[in-house]
Amino acid sequence: MSANTGSTRRIRVLIVDDQTLLRRGMGLMLSLEPDIEVVGEAGDGIEAVELARQLRPDVVLMDLHMPRKGGVAVTREITAALPQTRVLVLTTLETDQTVFDAVRAGALAYLLKDATEADVLETIRAVHRGESRLTPQIARKVLDHLRRLPDSVQAPATAPSESNLGSDLNEKEAKVLQLIAEGMTNKQIASTVFLAEGTVKNYVSRIMEKLHASSRTELAVMAVRQRRVE
């Protein structure tokens, strides 16, 4: 599980969960990783905001079902006040509205608590790099919700128009964008289009640059809107 990070500064993580045993168990698991440091734990939403402001962690591991202040509201406050802090949702809640609200609030990743240890660790590191991560199951919920929204609600302010979206990308880039919209990881995309995973990562970065997108989720939104006008 451990990552070889050399002298790289460790990823500072704040764990937010109302269940003490889960917080401690997660903290123990993360403390075994040489590149991760647990800097604090919060048992309710108000404490989470206070600790985030005080500790300024790199990543907040966020449960959504929290006393005193819900996880979506906490995510919104933390991402607004601390733009360098990334929120990774780890929860049992998976209703369409809950998932979409968390993503809109600024969460870069959304995992369910049945995720494997490897998934959690990989996602923490990805989120720290600024990458969005949604499992295919969660991505479908977000995209289904987006399809039901008016275009005026969905459109990112800096996005190209739907008619220009396809012309901005070459054939391979358009295919990668389609697979991102389906919730695939870079590894899954690499297997599908027969490219190295590193090459896919470069494609994703290039697509984000071309389309002025800040995350994979925003790319998926653009892809959904494009399909609606085709």
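The values are calculated or read from the model by the stated rules, or taken from the named source; none is laboratory data. These numbers come from a predicted model, not from an experiment. Every residue, glycine among them, receives a Cβ derived from its backbone with ideal geometry; neighbour counts consider all protein chains shown. What goes into the accessible areas is simple: the full protein's heavy atoms, side chains included, and nothing from ligands, DNA or RNA. Shrake-Rupley method; radii C 1.70, N 1.55, O 1.52, S 1.80 Å.
Given the condition touching a His at 6+ places or on another chain (Cβ under 6 Å) and not hydroxyl-bearing (Ser, Thr, Tyr), answer yes or no: does some residue in segment 45-63 qualify?
Within segment 45-63, one or more residues are touching a His at 6+ places or on another chain (Cβ under 6 Å) and not hydroxyl-bearing (Ser, Thr, Tyr).
Assess whether ASP63 counts as being open to solvent by less than 60 Å² (accessible area, probe 1.4 Å), under 16 Å from the mean Cα position of the chain (by Cα) and not polar (S, T, N, Q).
yes
Taking the conditions exactly as written (under 19 Å from ALA107 (Cα atoms), free of Cβ contacts under 8 Å to residues at least 40 places away in the same chain and assigned to a helix (DSSP H, G or I)), does GLU41 satisfy them or not?
No: the conditions fail for GLU41.
Within segment 167-190, work out how many residues are over 19 Å from the mean Cα position of the chain (by Cα) and over 17 Å from ARG133 (Cβ atoms).
9
Can you find, within segment 136-152, the residue that is modelled with the highest pLDDT among those that are closer than 21 Å to ASP63 by Cα and buried (at least 19 other Cβ atoms within 10 Å of the Cβ)?
Ranking the qualifying residues of segment 136-152, first place goes to ILE138.
So is VAL176 at pLDDT below 70 and open to solvent by less than 40 Å² (accessible area, probe 1.4 Å) or not?
When the stated conditions are applied, VAL176 does not pass them.
Going through segment 46-60 one residue at a time, which ones are part of a loop (DSSP other than H, G, I, E, B) and surrounded by 23 or more Cβ atoms within 10 Å (Cβ to Cβ)?
Of everything in segment 46-60, just one residue is part of a loop (DSSP other than H, G, I, E, B) and surrounded by 23 or more Cβ atoms within 10 Å (Cβ to Cβ), namely PRO57.
On the given criteria, is PRO67 touching a residue at least 40 places away in the same chain (Cβ under 8 Å) and at negative phi?
yes
Quick check on my filter: what residues within segment 95-125 are over 12 Å from the mean Cα position of the chain (by Cα), of a type outside the set (Asp, Glu) and not in a helix (DSSP H, G or I)?
Scanning segment 95-125 gives THR95, LEU112, LYS113, ALA115, THR116.
Could you count how many residues in segment 73-105 are open to solvent by less than 30 Å² (accessible area, probe 1.4 Å) and within 21 Å of ASP18 (Cβ to Cβ)? Working first, answer last.
Narrowing segment 73-105 to residues open to solvent by less than 30 Å² (accessible area, probe 1.4 Å): 74-75, 78, 82, 85, 87-91, 99-100, 102-103, 105.
Narrowing further to those that are within 21 Å of ASP18 (Cβ to Cβ): 74-75, 78, 85, 87-91, 99, 102, 105.
Number satisfying all stated conditions: 12.
Determine whether ARG53 is free of Cβ contacts under 8 Å to residues at least 12 places away in the same chain and basic (Lys, Arg).
The answer is no for ARG53.
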